[in-house]
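Notes to accompany the following structure.
Values in this text are rule-based calculations from the coordinates and carry no lab data. Since we're looking at a predicted model, the values are computed, not measured. Glycine gets a Cβ as well: all are built from the backbone with ideal geometry, and neighbour counts include every protein chain shown.
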Amino acid sequence: MMGEVREQIRCTAVLLAAGKGTRLGGDLPKQYQDIAGIPLAARSLQALAASEIITDIVMVIPEGDEPYVREHIFAAVPKAAEKVRAFAAGGTERYDSVANGLEAICWPCSYVFIHDGARPFIDKESLRRLYAAVRECGAAVAGMPSKDTVKMAGDDGNVSSTPDRSHVWIIQTPQVFERTLITQAYREMKKKLPELTAQGIHITDDAMVAEQMKQAKIRLVEASYRNIKITTPEDIAVAEAFLK
Ligand code: CTP
Ligand code: MG
C-alpha cells in the first residue's frame, strides 16, 4: 500500500426542502409535516444519509428556518443530520432553490445528487444504481416506465398525439450529475432565463437544465414505484401504507 494515495470520491446531496406545499395544504409547510410521526424532511434526510455513497448534504430550506430545522428535523434523525454540511436559502422556484444549493457546496465533490425533500422512500439500491450510471455517463435521473398511457393535449383541450408507452418514463429524483456540469448548466440557465421564458420553456427538473444548456446525454435509471413524491393529501395515506 506504500505510496498509494487514493482519493475518495465524494458525493453531495442537495436536499430540497424550501417549497410551500400548496397542493398538500395544512398548517405547516409540507416538508415539516409528520408522516407516521416523523417529519417528511427528516425521513428524506435519513433515506439519503443511510447510503454510504452520500458523503455530504446541503439542505435547502426557507430563509430563516435554520433554528426550526435544527429543533424539529435534526432532532428527529440526529445521526443522519451529521452529514449536513451547509444550509442554503430556498428561492421562488424550485430551480432557484437548486441553484442556491449548488452554490453552497464548498468542499471536494465529484457528483451531486439533487433530491426532492418530498420523496422519503428513496432506497440504497436505487442510489447505488444512480451512482454507477453517473460515473459512466456524467448524468443520470431516477424514474420508472409509465404504467399509464400518456397523451399530449392540444391547446383546444383535445388529444393531439399518443406517445408510444414503451418509450414513456415518469421521472423522479434523485437527479445526479457531475458537479461541474450541473453547476455550469445552472449558471448558464439563470443568465438565459428571460430568453427561455420568451420561448415558452419552463424549467421543471434538473435534467432539463443539463439538456438545454449542455446538450448532456442523460441516463434513465430505474428507481422504484415506491419512490413517490408526497404532493396531495392522498399521498400521505399511500406513504403510511408503505410504512406499515
Ligand atoms: N422546492 C424547493 N423550493 C421551491 C419549490 C420547491 O425547495 N421554490 C422543493 C419542495 O420543498 C419539494 C421539492 O422541491 O421537496 C418538490 O417540489 P413540490 O413537490 O412541488 O413541493 P412544493 O413546491 O412545496 O409543493 P406545491 O408545488 O404543492 O406548492
Ligand atoms: Mg412546487
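Applying a threshold of 7 Å to beta carbon distances and a minimum spacing of six or more residues, or different chains, the list of pairs starting in region 122-143 at a residue that is free of Cβ contacts under 8 Å to residues at least 12 places away in the same chain and ending at one that is in a strand (DSSP E or B) and surrounded by fewer than 20 Cβ atoms within 10 Å (Cβ to Cβ) is empty. Could you check, for region 210-220, whether at least one of its residues is surrounded by 15 or more Cβ atoms within 10 Å (Cβ to Cβ), touching a residue at least 12 places away in the same chain (Cβ under 8 Å) and closer than 30 Å to Gln33 by Cα? For region 210-220, residues surrounded by 15 or more Cβ atoms within 10 Å (Cβ to Cβ), touching a residue at least 12 places away in the same chain (Cβ under 8 Å) and closer than 30 Å to Gln33 by Cα: absent. Here region 63-82 is the region considered, the condition is being outside any helix (DSSP H, G or I) and surrounded by fewer than 20 Cβ atoms within 10 Å (Cβ to Cβ), and the residue that is nearest to ligand 2 (Cβ to nearest atom) is Glu63.
Taking Glu240, is it over 30 Å from Glu136 (Cβ atoms) and among the acidic types (Asp, Glu)? So Glu240 passes the test. Of the listed requirements (1) closer than 21 Å to Tyr186 by Cβ; (2) buried (at least 24 other Cβ atoms within 10 Å of the Cβ); (3) within 16 Å of ligand 2 (Cβ to nearest atom); (4) touching a residue at least 60 places away in the same chain (Cβ under 8 Å), Val60 misses just one: (4). One residue stands out in region 15-40 among those that are near ligand 1 (Cβ under 7 Å from one of its atoms) and of a type in the set (Gly, Ala, Ser): the one that is surrounded by the fewest Cβ atoms within 10 Å (Cβ to Cβ), namely Gly21. Of the residues making up region 223-242, those that are surrounded by fewer than 13 Cβ atoms within 10 Å (Cβ to Cβ) and touching a strand residue (DSSP E or B) at 6+ places or on another chain (Cβ under 8 Å) are Tyr225, Glu240.
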